[in-house]
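Visitor: One structure, pasted below without further comment.
The values are calculated or read from the model by the stated rules, or taken from the named source; none is laboratory data. Predicted model only: the values in this text are computed from it and were never measured. No Cβ is skipped: glycine too gets one built from the backbone with ideal geometry, and neighbour counts run over all protein chains shown. All accessible areas refer to the heavy atoms of the entire protein, side chains included, with ligands and DNA or RNA removed. Shrake-Rupley method; radii C 1.70, N 1.55, O 1.52, S 1.80 Å.
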Amino acid sequence: MFSIRRRRLLKGITLETLAERAGIGKATLQRLETRGDCTFENFIRTVLALGMASEL
C-alpha cells in the first residue's frame with residue numbers, strides 16, 4: 001500500500017507541480033491525498049505523474 005501524499009513528499013514535488021503534471025486541479029489532488037476522494041481517471045493520472053504505474 002502506498003500514500004500519494006507520502007510519495008509526492010519523498011520525491012520533493014509540490015502539490016501544485018503534481019497537480020499540473022497530472023492535469024488535474026490542486027483542490028482535486030488535495031481531496032485525493034486527504035480523503036482518497038477522486039475519480040478513477042484522476043487517480044490514474046496522478047499515479048502516472050508520480051511514476052508509480054508499476055506499483056498498480
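Visitor: Before we move on, is Ala19 among the aliphatic types (A, V, I, L, M), in a helix (DSSP H, G or I) and buried (at least 18 other Cβ atoms within 10 Å of the Cβ)?
Guide: Yes.
Visitor: Among what's in region 1-16 and is in a loop (DSSP other than H, G, I, E, B) and aliphatic (A, V, I, L, M), pick the residue that is surrounded by the fewest Cβ atoms within 10 Å (Cβ to Cβ).
Guide: Going through the qualifying residues, I end up with Met1.
Visitor: From the residues in region 27-56 that are among the hydrophobic types (A, V, I, L, M, F, W, C), assigned to a helix (DSSP H, G or I) and open to solvent by 90 Å² or more (accessible area, probe 1.4 Å), which one is farthest from Ile13 (Cα to Cα)?
Guide: Only one residue fits best here, namely Phe40.
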